[in-house]
1. Could you give the nm distance between label points at B:ARG306 and A:THR117, where each point is 7 Å from its Cα heading toward the beta carbon?
2. Please name whichever of A:GLY144, A:PRO200, A:MET186 sits farthest to the positive end of the charge dipole of the range A:133-209, dipole taken about the Cα centre and charges placed at Cβ: Lys and Arg +1, Asp and Glu -1.
3. Taking A:LYS8 as the anchor, which lysines have their alpha carbon closer than 27 Å to its alpha carbon, excluding any fewer than eight residues away along the same chain?
4. Within the range C:54-72, list the residues whose amide N lies under 14 Å from a label point set 7 Å along Cα→Cβ of C:ALA39.
5. Largest first and to the nearest Å, give the Cα extent of the range A:93-209 along each principal axis.
6. Using the beta-carbon distance between B:ASN87 and A:ALA145 and R0 = 25 Å, what value does 1/(1 + (r/R0)^6) give for FRET efficiency, to the nearest 0.05?
7. Can you check how the C-alpha radius of gyration of chain C compares to 2.2 N^0.38 Å, as a plain ratio?
8. Per-residue HN-Hα couplings for the range A:115-131, Karplus 6.51 cos²θ - 1.76 cosθ + 1.60 at θ = phi - 60°, whole Hz, x for Gly and Pro?
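The values are calculated or read from the model by the stated rules, or taken from the named source; none is laboratory data. For clarity, every value in this text was computed on a predicted model and none was experimentally measured. Don't worry about glycine lacking a Cβ; one is built from the backbone with ideal geometry, like all the others, and counts go over all protein chains shown. When the accessible area is computed, the model is the full protein with side chains, heavy atoms only, and any ligands, DNA or RNA have been set aside. Shrake-Rupley method; radii C 1.70, N 1.55, O 1.52, S 1.80 Å.
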Amino acid sequence: MIVAEQKKISEIIEMVSPYRKVLVLGCGTCVKTCFAGGEDEVAVLASLLRLAFEKQGNSKEISEFTIERQCEDEFIQEAAEAIGRNEAVLSLACGAGVQDIARRFKNVPVLPGVNTTFVGVMEDRGLFTEECLCCGDCRLGQYGAVCVLTRCAKKLSNGPCGGSRNGKCEVNPETDCAWQLVIDRMRELGQLDSLREYIPPRDWRTSNAGGPRKLFREDMVA
Amino acid sequence: MKEKPCSNLQKLLVNGEFVVTAECGPPRGMLKEAVTAKGELLKGYVDAINVTDNQTAIVRMSSLAACVHLLEMGLEPVMQMVTRDRNRIALQSDLLGAYSLGIRNLLCLSGDHQSFGSQPDALNVFDIDSIQLLSMVETMRDTGRDMSGYELSHAPRMFAGAAANPFADPFEYRVIRLAKKIAAGAGFIQTQSIYNLPRFKEWMRLAREQGLTEEAYILGGITPLKSAGMAGYMAARVAGMDIPDEIIKRMRGVPKEKAGEEGMQICLETIEELKNTPGVSGVHIMAIESENLVAPIVKAAGLYPRPAAE
Amino acid sequence: MTDGRPVVTLFYCVNALSRQTAQDLENAAEFEIRPVHMACSSMVKDVLLLKGFEAGADLVVVATCPPGQCQFIDGNSRARKRVERVRRLMDEAGLEGRRLIIIDRGLELEYAGILKEFESALE
């Protein structure tokens, strides 16, 4: 999922303060799962904003709405009416959702309520970890399904650096050394020898280095 | 390594000399004298001087410029190049520039992570890793082509080296990684500072078993301990450093004013062991900010005078 | 809507207060108490705490069982974590998080003692 974290309330208050009628718009998919922008978070944030502006003596109308996904037109249309009634949208979706809403509603400012942080998983209760950089050229098969590009702080392709100690990364002793995980897994799989192979430099064109990426599926076009 | 040596360092190694190199950190400033002063301390006592590239991710005079200052003094530099700060375009360009200025040895590293340095807010690059950098240097040297396959007017013939840490985890992978570095083009290997001799020797045994000491020259890393505090700090804080308790005990067991002597004694014992370890071709002394210790170590270890350079 | 007395929204686990204390509290003369009975304090959600303030509460109180005495094992500690989080959010929004309190001394707590806590939180 896409993992996000709600922005500081003070930052949000400052962002929305020029507008009198603000819609807090939630997204019911990824950001809901990571407790950043689903219905519950929308309710808490909207309530806090109402209380904060009321205390400032600043009369504002803060309303709430959550759709299934802010990155799909079908769902976005469900929010059209609510958006139409407001002067600004505070979107709690990831960066993609914020932009997709803005693309469809040209006359309404759309503000981000969360910081989109990474593509990851919930490794444990309340613990989210980054797993994928969306490089566009997946090599997980070579590395025992551990992404060294994402999970090694130096993006090393050919083995661990000299700072791997007791299975932990020198950059953060609470982070597993990705290479230790690769090696452990390859040993389990009886494929440790395949790590002797030299992995040549990446072609970063498939990544964001080649500019924004597009995917076009001709077969899906009516 | 059969062809004509690229550098004096390589030539000495080919001739079977037990070589001595030392490390020199450029200043956090632009004074040439800060480099040449270190050069003066080392002149005559080492075969080559290894110049760090923004070590510990702290901005310093570029390795390339400091290497040129040493060259002008008639010293042979080993230029360090890390992949942390430059992409492949800049790395190749700097390699060509370095060669044009007379630099002939290149140590290929990934570099300390920027989070350890003075500017942890910086973006890192890591376009390629240290092994891919070695391969780049080797390809340019042996085929005269850059990474795009473009044929250069001349092949920059650099003697490429790499670092190895026999003390990092996972141990079983350390020799595989060494083999990968050598296969990618490393002609010499500098190890992390050695305090844990049994572990180092075990690593060397595995390296010999795989024939790696036939393919590259291994230089054992030496760092003189100056105090018990330094030993404790390095053991606890420096990533990838392995200082056994008995070494720390030895440093603690002598009065403060004798700690330097004890550290020196440990160095000399280590060098003696390294001389007698098959497959070790020399030592690399990393006495950062205490380059004055290099000459006495080299003398006391019986490694002085150094063979004449050509 | 209010008669001038401070308004207290009291979320309480039915096991956390004795029947008598709860009754006394609900009839307290000094405060306008708005009680919310719960089978476990963990049933209180972040937004409900804030809704109490939105509805005009001067003080929102969550009464939980003492640490280690939740009959659903960790309901009280989960309630505590939520209260702490909402309190932090309120502080960030300039809303005086100290007006959201937790009382967790269970049946030991006497009516008078509880009222004192309310008063000091409202000071």
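1. About 5.1 nm separates the two model spin labels.
2. Selected residue: A:PRO200.
3. Excluding near neighbours in sequence, the set is A:LYS21, A:LYS32, A:LYS55, A:LYS60, A:LYS106, C:LYS45, C:LYS51, C:LYS81.
4. C:71-72
5. The principal-axis extents, from largest down, are 59, 34, 24 Å.
6. The computed FRET efficiency comes out at 0.35.
7. 0.98
8. 9, 6, 9, 6, 8, x, 9, 8, 6, 8, 4, x, 10, 10, 10, 7, 10
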